[in-house]
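Data block below; observations after.
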Amino acid sequence: MANHKKAEFAATDQDISMVAKALSHPARIAIMRILAQHKHFTCGEIVEILPLAQPTVSHHLKELMDARLITVAIDGKKSLYDVNWPTWNRYTAEFENMLSAINNAEQQA
């Protein structure tokens, strides 16, 4: 779908689509779980947990940052990653509302 066509959809639907795309890889889901359990984790600390190379983890962190699901803070030479909880909670609510609306429509059909 061309980018200019996306603008014709509701902002909430665009948000849900962006988050679904960001979470469409199992490594990104694993990274989100790790960051939910550990504050201020570095890429190297994530690499120690996951069976992935550092460049691969860096790529997945960038995808999650682009979707605004995580934040990064610079501490000297370290980049510290965290879940962006306000954004996560907003997207979670939007996703739950979308699923509920679909379930309600199915029950009324």
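Observations on the model:
- Counting only alpha carbon atoms, the long axis of helix 85-108 and the longest principal axis of the chain meet at about 30°.
- For the stretch 14-108, radius of gyration divided by Kirkwood radius, i.e. Rg to Rh on alpha-carbons: 1.06
- On Cα atoms only, tilt of 11-22 relative to the major axis of the chain in degrees: 40 degrees
- For the chain, the number of Lys pairs separated by eight or more positions or lying on different chains, with C-alpha atoms closer than 23 Å, is 9.
- Positive minus negative residues near Ile29 (Lys, Arg vs Asp, Glu; Cβ under 15 Å): +2
- Total formal charge among the other residues, if their Cβ is under 13 angstrom from that of His60, Lys/Arg +1 and Asp/Glu -1: +2
- Residue separation of Asp13 and Asn97 scaled by 0.36 nm, minus their Cα-Cα distance, works out to 29.2 nm of gained length.
- Applying 0.36 nm per residue to the separation of Lys77 and Met65 and subtracting their alpha-carbon distance, the gain on full extension is 2.5 nm.
- Across the options Gly76, Ala27, Asn103, the greatest Cα extent toward the positive end of the charge dipole of the chain (unit charges at beta carbon of Lys, Arg, Asp, Glu) belongs to Gly76.
- Applying Stokes-Einstein at 20 °C and 1.002 mPa s to the Kirkwood radius of the stretch 36-88, computed over alpha-carbon pairs, gives a translational diffusion coefficient of 190 µm² s⁻¹.
- Magnitude of the charge dipole for the chain, about its Cα centre and with charges confined to Cβ atoms of Lys, Arg (+1) and Asp, Glu (-1), is about 300 debye.
Bear in mind these aren't lab numbers, they're just calculated from the coordinates by the rules spelled out. Just so we're clear, the structure is a prediction, and the values are computed from it rather than from any experiment. Cβ coordinates were reconstructed from backbone atoms using ideal geometry, including for glycine residues, and neighbour counts include every protein chain displayed.
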